[in-house]
Every structure is written in C-alpha cells, then in structure tokens.
Amino acid sequence: MSVAVTFQKVTRAFGEVKAVDAIDLEIEDGEFFTLLGPSGSGKTTCLRMIAGFDRPTSGEILLHGRKVTALPPYEREVNTVFQDYALFPHMSVGDNIAYGPLIRNVPQAERQQQVERMLEMVRLKGLGRRKPSQLSGGQRQRVALARALINQPRILLLDEPLGALDLKLRQEMQSELKGLQQRLGITFIYVTHDQEEALSMSDRLAVFNLGRIEQIGAPATVYERPATAFVASFVGTTNLIEGALAQKLTGQSGRFALRPEKIYLGAVDTPLMEDAYCLEGVVKEVVYLGLYTRYVVTLDGGGDLIVVQQNLVTGSTTASAVRGGRVRVQWLRQHLLALGE
Ligand code: ATP
C-alpha cells in the first residue's frame, strides 16, 4: 500500500496557540480516513495544510511521497468540499461542475460529457440547468462533490460536508459518500466532530484533542480499545472508573473505561455471572429511547454508572417502573478497559 499523505512533526502555531502540535501521521492511498475531534482541536487546520491553503510553522507534509509543504493549492492533486458548498449562485449546476475543466481549457464538447457523467454519478441527472438555489441541501452538497471530483483529484478533502443536513439525509449521504469512495478508490480525508459519522464511514480515524492525535485506528479498535480517557469519552458514551472503585474492583489504581452497553442490569437476586464484576445500587434515572433504555445507577459505594439495555422485551412502562429500585449490575472482566494517560 502506498502512502497518500505524510505529516512529519507538523506544527501550526497562531501566536501562542498551537492549533496543530508536532503531529506525525500517515494516510494510505485509497483510504477513507477521518479526522475526528471537538471544535478547536486542530482538524480543519490539518486539512487546510494538506490542501495548501495554510502552511506549517514547522515540519513537513508529503503527498504521495513528494514534499509539498511550500507548494500552492493548484499544484497539489487535491480538491476540497466544504460544509457551506461554496457554489457559484449565479451559475447553473452544470456550469458549477464544469468550472475546473473550464479553467484547464478542456474543450466544450468534452467538458459537457464530463459534466453529464458527473451528474449521473451523484444522482442529479437532468438537473444541470437549475441554479443552486433551486436545489435541496443534499442536492447542493452533491453538486459540490461533483465539482470537486470532475478534476479527478487523487485525494478528496471533505470539511464537515454533511453538517448542514438533517439527520436522515445525513445518514443517506454518509452511505452514498462511502459507496462513492469505494467505487472511485481515491483517498477521502474527512473532518467531523460527529463520532457516529466517523465510526460509520471510515477505514481508519484519528482522534484529535488540543492539536494532538490521541489515537489512530479502525473504528472498532478505537471504540473497543480506547487508548485514553479522552478517546473513551469522546467516541461513544463511557463510564470512567477510577480511584477507590477501581482499587476495590481490580486491586489496582489507575483509570478504566466501561461501556454502558456491556453492563447487565437485573434484580438484586440475579445469579452471579462468571468472570465478572458485580456491584449493587439504586436506579436514579430511566430514559426510554425506543430502541434501548438508558439507566443511571447510583452505586452503594458512591458514584453513578450509566447502563444501556436493548428493549428486547421491555416497554416504556416496565422500564420506568425500575426507577428507585435496588439493582445488581454486572459485567465481564474483559470489558473493563485499562486506559493510558
Ligand atoms: P472546528 O470543528 O470548530 O472547525 P477544528 O478542530 O477544525 O475545529 P481548527 O479550526 O483547526 O479546529 O482550530 C484549532 C485552533 O487554532 C483553535 O484554537 C482556533 O481558534 C485556532 N485557529 C485556527 N485558525 C486560526 C487563525 N487563522 N488565527 C488564529 N487562530 C486560529
């Protein structure tokens, strides 16, 4: 596998603030790679430096093995799709898409053919004459995609491209984007603060915090084996177990993560499971969410535990009836995950 993007100790400082702090990173050719992190963690700055809109204060960036740190955007085989689409409002959809080939002096007939192919690819066939204002948000985002892809970039950068869409449309576009990336086989680098989006689309993802990467890995690895407390709490919901409780359960100090869906909740006379930890407490909160119910259990020794149970047989009434009751919570030892700093 060849490498599409390499960061070597890349730092970007704005005065005192290190937006990106000595990052090393390798993104493979053909990968769907996501930069995930909270607002202000440095994701967009990384993307802008790959595109060439911004430059590192120190360190080097390589694209397909070539140093590009000082190259302007138009000399990089990279295109960007932005959240706000950045379409030309006065131009038709077709002309928007044809913009790149027009600048490169591609002859009219060939340009037209390319546009038709792109319209088909992003499922907008027949809409080429409309203005962007006559399209829905999802359709505009597809125009922005087509306008980038017509340039046949080796790397496509996507900066929160689905941020403006409602949930249902966002989910549809997520699977469309993933399908498109797999068909084209080009590298997609995707910025989002939405962990579900990152988990559902990426081959691998990098979790950003304060200008640094806390973990890089496949979605399942990052979710099931979070390296740090930050990753455990940012990617999915997690119970952090530390201090006296950690000591009591494991005999060690340190921090551990426990996912809410790994915990069995039952009456206090529920038989004890093998190779499991067991605690008791009182149900403080019950939130029925259709697919599952979320419980907050206050443990006898102090502290709260979030527990999620799929509603296999439970209805909203039975779930609520548990509130205030005493319960036993258990989980397999292997699901208590030791965390690094
Ligand atoms: P968001 O999801 O909100 O876009 P992000 O993770 O993409 O956040 P960046 O936009 O990369 O974060 O910003 C990282 C840090 O760098 C922030 O603290 C931000 O305020 C700062 N920063 C970014 N651009 C500039 C700039 N041009 N001048 C000064 N500070 C900047």
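Find the centroid of the Cα atoms in the range 184-256 and in the range 16-37, then give the distance between the two in whole Å.
15 Å
Taking amide H positions as placed in the peptide plane 1.01 Å from N, state which residues far from Lys18 in sequence (5 or more) or on other chains have amide H under 5 Å from it.
Under 5 Å from the amide H of Lys18: no residue qualifies.
If you count only protein heavy atoms with a 1.4 Å probe, what accessible area per residue comes out for the range 1-146, rounded to a whole Å²?
On the way: 7350 Å² over 146 residues.
It amounts to 50 Å² per residue over the range 1-146.
Once the piece of chain linking Gln252 and Phe53 is laid out straight, how much longer is it, given 0.36 nm per residue of separation minus the C-alpha distance between them?
On the way: separation 199, 0.36 × 199 = 71.64 nm, distance 4.84 nm.
66.8 nm is the gain from fully extending Gln252 to Phe53.
Apply the Karplus parameterisation 6.51 cos²θ - 1.76 cosθ + 1.60, with θ equal to phi minus 60°, to every residue of the range 24-31 and state each ³J(HN,Hα) to the nearest whole Hz, in sequence, with x for glycine and proline.
Couplings: 10, 7, 10, 10, 7, 4, x, 8 Hz.
Of the peptides 69-79, 308-318, how do they stack up when ordered by the mean number of other Cβ atoms within 10 Å, highest first?
In descending order of packing, they fall as 69-79, 308-318.
To the nearest 20 debye, what is the magnitude of the charge dipole of the chain about its Cα centre, counting +1 on the Cβ of each Lys and Arg and -1 on the Cβ of each Asp and Glu?
Working: 38 positive and 37 negative charges, 182 e Å.
Dipole magnitude for the chain comes out near 880 debye.
So how strong a dipole does the range 177-225 carry about its Cα centre when Lys and Arg Cβ are +1 and Asp and Glu Cβ are -1, to the nearest 20 debye? Mind dumping the intermediate values first?
Details: 5 positive and 6 negative charges, 41 e Å.
Taking the Cα centre of the range 177-225 as origin, the dipole is about 200 debye.
Just how many pairs of Lys in the chain have C-alpha atoms closer than 24 Å, counting pairs that are eight or more places apart or on different chains?
13
When you count, for each residue, the other Cβ atoms within 10 Å and take the mean per peptide, how do 43-53, 289-299 rank with the highest first? If you can, show how the numbers build up before the last one.
Values: 43-53: 21.8, 289-299: 15.8.
Output ranking for 43-53, 289-299: 43-53, 289-299.
What order do Arg55, Arg183, Arg328, Arg130 take when sorted by accessible area (1.4 Å probe), most exposed first? Intermediate results must be reported in sequence, preceding the final value.
Values: Arg55 120, Arg183 170, Arg328 40, Arg130 95 Å².
The most accessible residue leads, giving Arg183, Arg55, Arg130, Arg328.
Let's test the formula: R0 of 30 Å, r as the Cβ-Cβ distance of Arg117 and Glu224. What FRET efficiency results, to the nearest 0.05?
On the way: r = 41 Å, r/R0 = 1.36.
Rounded to the nearest 0.05, the efficiency is 0.15.
Would you kindly find the accessible area of Glu285, with a 1.4 Å probe and non-protein molecules such as ligands, DNA and RNA excluded, rounding to the nearest 10 Å²?
80 Å²
Work out, in µm²/s and without decimals, the Stokes-Einstein translational diffusion coefficient of the range 277-341 at 25 °C, 0.890 mPa s, Rh from Kirkwood over C-alpha pairs.
On the way: Rh = 12.7 Å.
Once the numbers are plugged in, D ends up at 193 µm²/s.
How many nm is it between the label spots at Tyr292 and Asp84, if each spot is 7 Å from the Cα in line with the beta carbon?
Going by the 7 Å Cα→Cβ label model, 3.7 nm.
List, in order, the whole-Hz ³J(HN,Hα) value for each residue of the range 51-68 obtained from phi through the Karplus relation with A = 6.51, B = -1.76, C = 1.60 and θ = phi - 60°; use x for Gly and Pro.
6, x, 6, 9, 10, x, 6, 8, x, 10, 10, 10, 10, 6, x, 9, 5, 10
Compute the acute angle (0 to 90°) between the alpha-carbon long axis of helix 137-149 and the principal axis of greatest extent of the alpha-carbon atoms of the chain; round to the nearest 10°.
60 degrees
Expressed in nm², what is the orientationally averaged projection area of the convex hull enclosing the Cα positions of the range 100-208? Mind showing how you got there, number by number?
Numbers: hull surface 30.0 nm².
With the hull built on Cα positions only, its mean projection is 7.5 nm².
With a 1.4 Å probe and all protein chains in place, put Val282, Val235 in order of accessible area, largest first. Mind dumping the intermediate values first?
Details: Val282 50, Val235 0 Å².
Per-residue accessible area, sorted high to low, gives Val282, Val235.
If you roll a 1.4 angstrom probe over the protein chains with everything in place, what fraction of the accessible area of the range 1-157 belongs to carbon and sulfur, to the nearest %?
Values: 3720 of 7710 Å².
Summing carbon and sulfur atoms, their accessible area is 48 percent of the total for the range 1-157.
Rounded to the nearest 5, what is the percent of antiparallel bridges among the DSSP beta bridges in the chain?
Values: 49 of 69 bridges.
Counting DSSP beta bridges with both partners in the chain, the antiparallel share is about 70 percent.
For the ranges 133-141, 109-117, 208-216, what's the packing order if you count other beta-carbon atoms within 10 Å of each residue, average per peptide, and put the highest first?
Details: 133-141: 16.7, 109-117: 15.1, 208-216: 20.2.
The peptides rank, most packed first, as 208-216, 133-141, 109-117.
Ordered by residue, what ³J(HN,Hα) values in Hz, to whole numbers, does the range 211-216 give under the Karplus form 6.51 cos²θ - 1.76 cosθ + 1.60, where θ = phi - 60° and Gly and Pro are x?
Listing the rounded values in order: x, 10, 9, 8, 7, 10 Hz.
Let's test this: bin the Cα-Cα distances of the chain at 10 Å from zero up to the farthest pair and state each bin's percent.
The percentages, shortest bin first, are 5, 21, 25, 21, 15, 9, 3, 0.
For Ser233 and Arg66, what is the calculated FRET efficiency with R₀ set at 35 Å and r taken between the beta-carbons, to the nearest 0.05?
Details: r = 38 Å, r/R0 = 1.09.
After rounding, the FRET efficiency stands at 0.35.
Would you mind calculating the gained length between Thr270 and Gln310 on full extension (0.36 nm times residue separation, minus the Cα-Cα distance), in nm to one decimal?
Details: separation 40, 0.36 × 40 = 14.40 nm, distance 1.79 nm.
That pair, Thr270 and Gln310, stretches by 12.6 nm at full extension.
Scan around Ile263 for amide H atoms under 5 Å from its own, H built in the peptide plane at 1.01 Å from N, and keep only partners 5 or more places away or cross-chain.
Those qualifying (amide H under 5 Å, at least 5 residues apart or on another chain) are Val308.
The values are calculated or read from the model by the stated rules, or taken from the named source; none is laboratory data. Remember, predicted model here, so these are calculated numbers, not experimental data. Note: ideal-geometry Cβ built from the backbone for every residue, glycine included; neighbour counts use all protein chains shown. When the accessible area is computed, the model is the full protein with side chains, heavy atoms only, and any ligands, DNA or RNA have been set aside. Shrake-Rupley method; radii C 1.70, N 1.55, O 1.52, S 1.80 Å.
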